[in-house]
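Notes follow once the structure below has been shown.
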Amino acid sequence: MAVTLNDVATRAGVSSSAVSRAFTDGASVSAKMREKVERAAQELGYRPNALASSLTTGRTKLIGLVSNNFHNPIFLEVFDLFTRGLQERGLRPLIVNLSQDEEPESSVRLLQQYSVDGVVVASSTLPSGFAKAFRDARIPVVHCFGKSVASPDVHVVGIDNVEAGRIAARELIARGYSSIGFMGGPAQATSTQDRLAGFLEIAGQTDGLSYSHSFADAYSFRAGREEMQHLLTNPHHEAYFCGDDVLSIGALSAITDAGLKVPEDIGVIGLNDMEMAGWENIALTTVHQPIVPIINSAIEVITALLEDPDRYPETRLFTCNVTDRKTLKAAG
């Protein structure tokens, strides 16, 4: 039989309510009483019931972790960092997969059913209005990797995707390429739109440069491979900025299968700098997105929101830079 709270109370010689207070954060209980209860609990092997505790405190410590692209390996890193970071703070992540349903109303209803204390939307493709639906429902929310705007409706932590597009275009031009292409993810994704805008801004300012853009239907290896296969049926550019590492790796596969070499025939630069990009057989040159500081900051914000849900929304942006490996030719 499982050891109960009443068993601990009997062993400690105190009331059941005293045991409950001893295991409730912030509850009024003397140090002597807490020590007596904890000693009895240890002797009996008792562990507090988190769900029962939530009935007392009104806090579940559940944090909804919502995303919509489980096909992208970068999210293995993202979820690992988020779950460990939340657990270290005594919070419990509840992962929600939106791959088949991106309507905010159904997600809000689902997470309300679990009485989550807060939500982290971890997506670079969902519109700002998705995260706002949680705020409108009075659920503290942070949009990690979300679109940066001057006056956000919710807290946003990530990068300036327009600037990331500029960085990639500048890098290709600095390497001496005179014909460059942008191969983005889904055209409707906010990250794709912003990265393209930055790319086109720099390309349009460069005399004598030939450039174009196209879109894959997802941020996935398959989509990147298929879109590059399509591009190679026509005269191709000297180099491409693929708006995500996993797209880039798919593109590298298509280029190799076509009998072409990277970077001798075609150069490729990605975005994210996920672990796989650094594997020796891939060695992708990419725009580094500082994932660890971004996630740590998002956890810091959601933790603060649990104490002060009315904090005015802010945007925290982190700087990107190029990680040089082997998929672009050396600068001339």
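The values are calculated or read from the model by the stated rules, or taken from the named source; none is laboratory data. Values in this document were obtained by computation on a predicted structure and should not be read as measured data. Quick reminder, even Gly has a Cβ in these numbers, built from the backbone with ideal geometry, and neighbours come from all protein chains shown.
Restricting to helices (runs of 4 or more DSSP H) lying wholly in the range 39-117: which have 1 or more residues that are under 20 Å from G146 (Cβ atoms) and at pLDDT 80 or above?
74-88, 104-113
If you check F182 against the conditions, is it modelled with pLDDT of 95 or more, not in a helix (DSSP H, G or I) and not assigned by TED's automatic domain parsing to the domain that holds N68?
Answer is yes for this residue.
Assuming V120 fulfils every condition listed in (1) in contact with a His (Cβ under 9 Å, 6 or more places away or on another chain); (2) crowded, with 24+ Cβ neighbours inside 10 Å; (3) assigned to a loop (DSSP other than H, G, I, E, B) apart from one, which condition is it?
Among (1) in contact with a His (Cβ under 9 Å, 6 or more places away or on another chain); (2) crowded, with 24+ Cβ neighbours inside 10 Å; (3) assigned to a loop (DSSP other than H, G, I, E, B), the lone unmet condition for V120 is (3).
Would you check if there is a residue in the range 146-157 being under 30 Å from G332 (Cβ atoms) and of a type in the set (G, A, S)?
no
From the list L231, L247, which one is over 30 Å from R89 (Cα atoms) and either more than 25 Å from the chain's Cα centre (by Cα) or charged (D, E, K, R) (or both)?
Every option except L231 fails the conditions.
Any chance the range 223-230 includes a residue that's in contact with a Leu (Cβ under 8 Å, 6 or more places away or on another chain) and of a type in the set (D, E)?
yes
Residue-wise test of (1) surrounded by fewer than 19 Cβ atoms within 10 Å (Cβ to Cβ); (2) among the small types (G, A, S).
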site	(1), (2)
A168	no, yes
M183	no, no
Q188	yes, no
Y211	no, no
A216	no, yes
R225	no, no
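Name the single residue that is nearest to T60 (Cα to Cα) among those in the range 6-38 being in a loop (DSSP other than H, G, I, E, B), touching a helix residue (DSSP H, G or I) at 6+ places or on another chain (Cβ under 7 Å) and modelled with pLDDT of 85 or more.
Step by step, filter the range 6-38, then rank; the result is S15.
Return yes or no: is M274 surrounded by 23 or more Cβ atoms within 10 Å (Cβ to Cβ) and over 27 Å from R316 (Cβ atoms)?
Against the criterion (surrounded by 23 or more Cβ atoms within 10 Å (Cβ to Cβ) and over 27 Å from R316 (Cβ atoms)), M274 does not qualify.
Give me the pairs: first residue in the range 177-197 and under 16 Å from T286 (Cβ atoms), second residue aromatic (F, W, Y) and modelled with pLDDT under 95, beta-carbon distance under 7 Å, and six or more apart or on different chains, which are they?
Cβ pairs passing all conditions: G185/Y219.
Name every residue in the range 201-218 that is touching a strand residue (DSSP E or B) at 6+ places or on another chain (Cβ under 7 Å) and assigned to a helix (DSSP H, G or I), in order of residue number.
A203
So if I check each of R89, R109, R84, R175, which one is buried (at least 18 other Cβ atoms within 10 Å of the Cβ), charged (D, E, K, R) and at negative phi?
Result of the check over R89, R109, R84, R175: R175.
Could you look through the range 277-316, keep only residues that are in contact (Cβ under 8 Å) with a residue 60 or more places away in the chain and among the charged types (D, E, K, R), and pick out the one that is surrounded by the most Cβ atoms within 10 Å (Cβ to Cβ)?
R316
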